[in-house]
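Engineer: Can you keep this structure in mind? I'll have questions shortly.
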Amino acid sequence: AQKITQTQPGMFVQEKEAVTLDCTYDTSDQSYGLFWYKQPSSGEMIFLIYQGSYDEQNATEGRYSLNFQKARKSANLVISASQLGDSAMYFCAMRENLQGAQKLVFGQGTRLTINP
Amino acid sequence: GAVVSQHPSRVICKSGTSVKIECRSLDFQATTMFWYRQFPKQSLMLMATSNEGSKATYEQGVEKDKFLINHASLTLSTLTVTSAHPEDSSFYICSARDQARQSWEAFFGQGTRLTVV
């Protein structure tokens, strides 16, 4: 069963607008964490933001914020004031503890295109 | 921030040959490193967990004899694709976490684009 689901294969947004990238997850663990990574065409994985399951406040990092709704098992990424350089693939990932190792499970990704 | 360096960034090899990819943590020690594979337009799939000083743990469906992992030191893990075939062509990327930090962030290498001809 898919543990991380990103339902938007592609998103097109005008420059300077805000954009929300969706992510839902499935886990029976009480302790887990959710990440968002950006992957430009060069292939590198750039860490954007992290939300722990016990964190009471939504995580924020500059223009990035994570809309964490635990009961709905969603962890959407909000990018404010989008820029042309934000065009990239975005992956949501969940940290899970399997046999003592902390592993990351990734969603399918969303390709974000910022139009001038 | 912590840096993970992966080498080479691109490699083209002939079918039947072996290719070694290195993953180094430059400013921290990593007892555990992770190797992922990413096919075009797809997500990252975990291949194996590399453990310093012991055997790697492979994910279901990943051939341990084909993808040899060695984690001989606290800063270096290597992935060797043995007897490579065109279907092994993919983007391979490693990651590690600085366990000394109070952070769950996983740092990734730059990735290696392997083309088998």
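Engineer: Per the Kirkwood treatment, what hydrodynamic radius in Å, one decimal, follows for the stretch A:53-116 from the mean inverse distance over all distinct Cα pairs?
Structural biologist: In the stretch A:53-116 this quantity evaluates to 13.7 Å.
Engineer: Right, something else. Mind checking which of A:G109, A:F12, A:Y90 is farthest towards the positive end of chain A's charge dipole, using Cβ charges of +1 (Lys, Arg) and -1 (Asp, Glu) about the Cα centre?
Structural biologist: Toward the positive end, the furthest listed residue is A:G109.
Engineer: Could you work out the mean count of beta carbons from other protein chains within 10 Å of each residue's beta carbon in A:41-51? Can you show the working numbers first?
Structural biologist: Details: counts 0, 3, 11, 7, 12, 1, 8, 0, 1, 4, 1.
Mean partner shielding for this stretch: 4.
Engineer: Let me ask something additional. What list of ³J(HN,Hα) couplings, whole Hz, do you get for the stretch B:27-36 from phi and the Karplus terms 6.51, -1.76, 1.60, once you set θ to phi - 60° and write x for glycine and proline?
Structural biologist: Per-residue couplings from phi come out as 10, 7, 9, 10, 6, 10, 10, 10, 10, 10 Hz.
Engineer: Moving on. About the Cα centre of the protein assembly as shown, how large is the charge dipole given +1 on each Lys and Arg Cβ and -1 on each Asp and Glu Cβ? Please answer in debye to the nearest 20.
Structural biologist: 360
Engineer: What is the magnitude of the charge dipole of the stretch B:2-69 about its Cα centre, with +1 placed on the Cβ of each Lys and Arg, -1 on the Cβ of each Asp and Glu, and no other charges, expressed in debye to the nearest 20?
Structural biologist: Value, rounded to 20: 300 debye.
Engineer: Which three lengths, in whole Å and largest first, does the stretch B:27-117 cover when its Cα atoms are put on their principal axes?
Structural biologist: Dimensions of the stretch B:27-117 along the principal axes of its Cα atoms: 42, 28, 23 Å.
Engineer: Do any GluC sites (Glu not before Pro) in the stretch A:29-116 lie in a DSSP loop with no more than 13 other beta carbon atoms within 10 Å, and if so, which?
Structural biologist: When the GluC sites (Glu not before Pro) of the stretch A:29-116 are filtered for loop state and at most 13 Cβ neighbours within 10 Å, A:E56 remain.
Engineer: With both partners inside chain A, how many of the DSSP beta bridges are antiparallel, as a percent to the nearest 5?
Structural biologist: Of all bridge pairs located within chain A, approximately 90 percent are antiparallel.
Engineer: Once phi is turned into ³J(HN,Hα) by the Karplus curve 6.51 cos²θ - 1.76 cosθ + 1.60 with θ = phi - 60°, what whole-Hz value does each residue of the stretch B:83-99 show in order, with x for glycine and proline?
Structural biologist: 6, 5, 10, x, 6, 7, 4, 5, 9, 10, 9, 10, 8, 8, 10, 7, 5
Engineer: Let me ask something additional. Among A:I46, A:F35, A:L66, whose Cα lies farthest out toward the positive end of the dipole of the protein assembly as shown, if unit charges sit on the beta carbon of Lys, Arg (+1) and Asp, Glu (-1)?
Structural biologist: Among A:I46, A:F35, A:L66, the one farthest towards the positive end of the dipole of the protein assembly as shown is A:I46.
Engineer: Rounded to whole Å and sorted largest first, what semi-axes of the equivalent ellipsoid does the C-alpha gyration tensor of the stretch B:29-68 yield via the square root of 5 times each eigenvalue?
Structural biologist: Over the Cα atoms of the stretch B:29-68, the semi-axes work out to 20, 13, 7 Å.
Engineer: Convex hull volume of the Cα atoms in the protein assembly as shown, per residue, in Å³?
Structural biologist: Measuring per residue, one finds 128 Å³ for the Cα hull of the protein assembly as shown.
Engineer: Enter the mean number of other protein chain beta carbons within 10 Å of the beta carbon of each residue in B:105-116, as an integer.
Structural biologist: Details: counts 6, 10, 2, 8, 3, 4, 5, 1, 1, 0, 0, 0.
Partner Cβ neighbours, averaged per residue: 3.
Engineer: Given 10 Å bins starting at zero, what is the percent of C-alpha pairs of chain A in each, up to the one with the largest pair distance?
Structural biologist: Spelled out bin by bin, chain A gives 14, 48, 30, 7, 1 percent.
Engineer: Can you give the direction-averaged projected area of the convex hull of the alpha-carbon atoms in the stretch A:1-43, in nm²?
Structural biologist: Result: a mean projected hull area of 4.7 nm².
Engineer: Can you give me the convex hull volume of the Cα atoms of the stretch B:1-76, divided per residue and expressed in Å³?
Structural biologist: Spread over its residues, the Cα hull of the stretch B:1-76 gives 119 Å³ apiece.
Engineer: So, one more: Quick one: Karplus J couplings for the stretch A:67-84, per residue in order, coefficients 6.51, -1.76, 1.60, θ = phi - 60°, nearest Hz, x for Gly and Pro?
Structural biologist: Per residue, the Karplus-derived 3J(HN,Hα) values read 8, 9, 10, 4, 5, 8, 6, 10, 9, 7, 9, 10, 10, 8, 6, 4, 10, 4 Hz.
Engineer: Still on this structure: Too long at a 19 Å Cα-Cα cut-off: which of A:K3/A:K103; A:K3/A:K73; B:K14/B:K64; A:K3/B:K66; A:K16/B:K41?
Structural biologist: Pairs exceeding 19 Å: B:K14/B:K64; A:K3/B:K66; A:K16/B:K41.
Engineer: About the Cα centre of chain A, what is the dipole size in debye to 20, counting +1 per Lys and Arg Cβ and -1 per Asp and Glu Cβ, all else neutral?
Structural biologist: That gives a dipole near 160 debye.
Only the coordinates and a few stated rules stand behind these numbers; no lab work does. Just so it is clear, the structure is predicted and the values come from calculations on it, not from any experiment. For neighbour counting, all protein chains shown are included, and Cβ atoms are generated from backbone atoms with ideal geometry for every residue, glycine included.
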